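See structure below.
Quick note: the coordinates plus some simple rules give every number you see, no bench work behind them. This structure is a prediction, so every number in the text was calculated from the model and none was measured. Because the Cβ atoms are built from the backbone with ideal geometry, glycine has one as well, and the counts that use them run over all protein chains shown.
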Amino acid sequence: MEITKSGTNTKNAPDQTSLAGLTRSHKTEVATQTMIRASEELLMIIRQMQELWLFGKLDTVGTSDIEARTEENTKKILELLQQMASKEGSS
């Protein structure tokens, strides 16, 4: 058995190095699996949104109810302003 300057056994040093390497390798593998799982979940969400959009439940194409109500309110206001202007002109 050899003892190094730091007082450690040289036979155990390779075991510690390989253990550190295995630990690093395992952490990398776990991180990779986590990234893959997150990517798959994101793809599932994107597909669901595409299906909702294509098959009508996510209505982003065309005019919405808010736009229709805004247009209707604008027309009413315009009519009222025209009526007020005609009353002012006739007085």
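So here's what we get for this one:
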| read-out | value |
| --- | --- |
| Rounded to whole Hz, the Karplus (6.51, -1.76, 1.60) HN-Hα couplings of segment 41-46, x for glycine and proline | 5, 5, 4, 5, 5, 4 |
| Label-point gap, in nm, between Ser64 and Ala38 - each point 7 angstrom along Cα→Cβ | 3.0 nm |
